[in-house]
Amino acid sequence: MAAKKGISKAMRFWLILLSTIMIAVTFLSTYIFIEDSTMIVDYGDYKGSFFLPFFERDEVSYEDSELFDLIFERCVDDLVRMAVIKNQMETDGSYDPKKVIDITAYANRNKIAYDKNLTAQYYLDDLINWGNKGIEYKTVSAATLPFEVDTDEVTIAVARYRSIENKDLISYASNMEEYNELLNNLIATSSALFSNYQEYVKFNDRYGVGKTNMLYCIQMYNDGKLVRFTNMEVISSKHKVDEITGLFKKQLKYLYFNPDKMTMVSNTDINALKMQGIINNYSYAFSDNSRIWIGFDNMYTADDGFAQGKRYYDSKSANSNGITLIVVIWISFFAYLSLFVYLIIKEGRVYVKKDEENINTEEVRLKKIDHMPIEFLAVLAFGIVLMDCIIGAYVIRYSKNHVFDGIFVYAMIVLATIILNYTFMPMVLCIVRKIKAKNLMENSCIKWLIACIRKGTIEAYDNGHAIIRTWIPYIIFLLINLICIILSPIGLIVAAIFDLLVGVYLYRNNKERQEIVKSINIISESDIKHQMNTEKMHGDNLELANAVNNIGNGIRKAVETSMKDEKMKADLITNVSHDIKTPLTSIINYVDLLKRENIPDEKISGYIDILDQKSQRLKQLTDDLVEASKISSGNIVLNFERINIVELINQSIGEYEDKFADHGLKCRFTPPSNQIYISVDSKSMFRIIDNLYNNIYKYALQGTRVYIDIEQFGVEGAQRVQLSVKNISENQLNMSAQELVERFKQGDESRKSEGSGLGLSIAKSLTEAMNGQFDIFLDGDLFKVILTFPCIP
């Protein structure tokens, strides 16, 4: 026997090396592409990035790009806030340290209703310093307070600064509750003003004259006087609104917003709704006659964030290699995927040639590493991959902060990819070999542990007596719980886990008992072929399950004997009927010959007609007997096919229309709007309908109507169709619906009709044999039959 390897070691080495190179090229090209397509925004306090593909940069100028819009919108937000802060800090266009601040009004500036009488006024500079240094507290005697309190001592704020009236804060309160409210207002005001002052200094440095390419003019009230904050020296208080708007319209980008009327004039993406959202936080500052003008000077006279962004944008556009990178990414990834799939297909295959038969067969041969536990390989691979990902994330993170240069980052990405692939690929190939050899869980630690526990439990359970199997486990259970409780919190956790396992065991034991009871009920409900699966049962449950299976086998043998006897009787009926049919056929043929002789004697012709009628009736009776015998013995063969029941009913009505007309019967059939399909044997289905129509022809009151209806009901996927046939009986029905479907039972008890009494019985048996339901309803002389079948799509 000669063996030929599916793939050599050398070829496998070069394939894995080539796949590693391909995936490294893919990762590196992807990183370069993302880095090349990512725009970094670093303007003031805002730092962010957004993705701009190379194919959009050549078509979109910097001033029309998302990068520009992002910086512009951020600046608009800053300028609005800067104007609000300037309004708090300045008087006549300069910082005013002696500006008077009402702490209650300032702390509640966003509220409509508050107590305006309970307040104190401080100088702006004092409040800013107070916010910088914080509030200090001291405990004083209650006797020193200007009002009475219930305690001997109270804690109040140290009066670091005094009000403009040279008073302490507590002097403005008449009780402790008012003092605490004033103190809260003081804390909120001083903290907010200190934070705003820091922004005030920063905004002045960022948006001062000549320091930004943003142009602004914001009009609002300051201490009851209408002022304008602007960095355009050409604008003065004498300029009208339309004149200022005209100046800003000359800029490349501009906007004019009137908060009073919510009107907007702009050539930017910022609309009136967005501007209203920006100033909603400062609604207290923008009262009547407030106006906002903002524009952009595209001469780039200042080296601000816009100028830096333009240089960055232009450099990215000039150096873009997007198409080349995308082509490299797709080619390298497809090459890697092809190599990966090829390795999976070929891995572990060995073709063995048998010299005697000269036939090549395929085998799977495992390597030494494949016999290691799968859990150990998974943990090892996961640890290496996790470490690789952490190192990669660390390098990429610090590369954005320019700690590492580009060459070092590229080298680390390639190294991380090599480590990742040389860890991932052998692990996958190992699993592939195990799957092909159908021993994925061989030497598995979990499988070994489960097998040991199962084997020990089964041996201990099967070999013990009832007392040992009951009391010893119970005593052990109590001892383990007692020991765990003594071991404090950790023991309680162990006890909870142990109790849970015991509960699972009891549940499985009771579930097996429930399965035994369920099987007994199934057998009692005539499913005598039911057998329990006893492979996973042990102990008493196993004995009980075997006993139940033996009982089912005994009942099944008895039923088979009974069915055999029934079959013998059916065969006897069939044979006798067959023996009768042979001479009967001769009689029918000779009677037919006599009828053709045109005998002139009317008396003899009448005898011949009677012979013809009785022989035909006897023929029908023998046919019905044979059919009923086949159905009862189960010898009938049904060929199920998909039929349209609506078309079948239409066809059957057409065939019986003349026959019904002879008795004055009018058929009324209202077909449904849609086509309905069922799966039945077409011949048997037509036999059922034929029997029903014959029954109507024989027993229906002449001159009446016959109603046929088809109705579909049920939910989608489980729909059923109902065929109902109704007629008025000629004779009074003095029997139940159940008696009518018995063999040799006729509605006409005088038996004057030509029926055999087997038609409805045969129809019911055939319906049930085709998974249908046959029901008869009697209401006085109304005779109604309902057939129900499952629908198919």
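The values are calculated or read from the model by the stated rules, or taken from the named source; none is laboratory data. Keep in mind that what you see is a predicted model, and the values were worked out from it rather than measured. Glycine gets a Cβ as well: all are built from the backbone with ideal geometry, and neighbour counts include every protein chain shown. Remember, those area values only see protein heavy atoms, side chains included, never the ligands or the DNA or RNA. Shrake-Rupley method; radii C 1.70, N 1.55, O 1.52, S 1.80 Å.
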**Fill in**
Rounded to one decimal in nm, the spacing of the 7 Å Cα→Cβ label points at Tyr677 and Leu594 is 5.3 nm
**Message:** At 1.4 Å probe size, what's the solvent-accessible area of Tyr216? Round to the nearest 10 Å².
**Reply:** 10 Å²
**Item:** Relative packing of peptides 188-195, 476-483, 329-336, 371-378 - highest average C-beta neighbours within 10 Å first
**Value:** 188-195, 329-336, 371-378, 476-483
**Message:** At a 10 angstrom cut-off on C-beta neighbours, averaged per residue, how do the peptides 147-160, 777-790 rank from highest to lowest?
**Reply:** 777-790, 147-160
**Message:** What are the extents of the Cα atoms of segment 681-731 along their three principal axes, in Å, largest first?
**Reply:** 42, 23, 14
**Request:** Mind running the shape call on segment 220-289? Use the C-alpha gyration tensor, a ≥ b ≥ c as the square roots of the eigenvalues: rounded below 1.5 for a/c, prolate if a/b tops b/c, oblate otherwise.
**Result:** oblate
**Request:** Pop the C-beta distance of Phe477 and Asn771 into the FRET formula with R0 = 60 Å and round what comes out to the nearest 0.05.
**Result:** 0.70
**Message:** Per 0.36 nm of contour for each residue apart, how much would the distance between Ile792 and Phe640 grow if the chain were fully extended, relative to their Cα-Cα spacing?
**Reply:** 53.5 nm
**Asked** How would Leu215, Leu506, Leu186, Leu500 line up by accessible area, probe 1.4 Å, largest first?
**Response** Leu500, Leu506, Leu215, Leu186
**Prompt:** Given the Cα-Cα distance of Tyr137 and Lys536 and 0.36 nm per residue of separation, how much length would full extension add, in nm?
**Reply:** 136.0 nm
**Request:** Can you pull the one-decimal nm distance between simple spin-label points at Ile458 and Ile331, each 7 Å off the Cα toward Cβ?
**Result:** 6.0 nm
**Cα→Cβ-extended label distance, 7 Å offset, between Ser605 and Tyr342, nm** = 9.7 nm
**Fill in**
Residues whose built amide H sits under 5 Å from the amide H of Val706, excluding neighbours closer than 5 in sequence, are Lys666, Cys667, Arg668
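Assuming R0 = 25 Å, what is the FRET efficiency of Asn117 and Arg162, from their Cβ-Cβ distance, to the nearest 0.05?
Efficiency, rounded to the nearest 0.05: 0.80.
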**Prompt:** How long is the gain from Gln308 to Gln722 if the chain were fully straight, where each residue apart is worth 0.36 nm and the alpha carbon distance is subtracted?
**Reply:** 141.1 nm
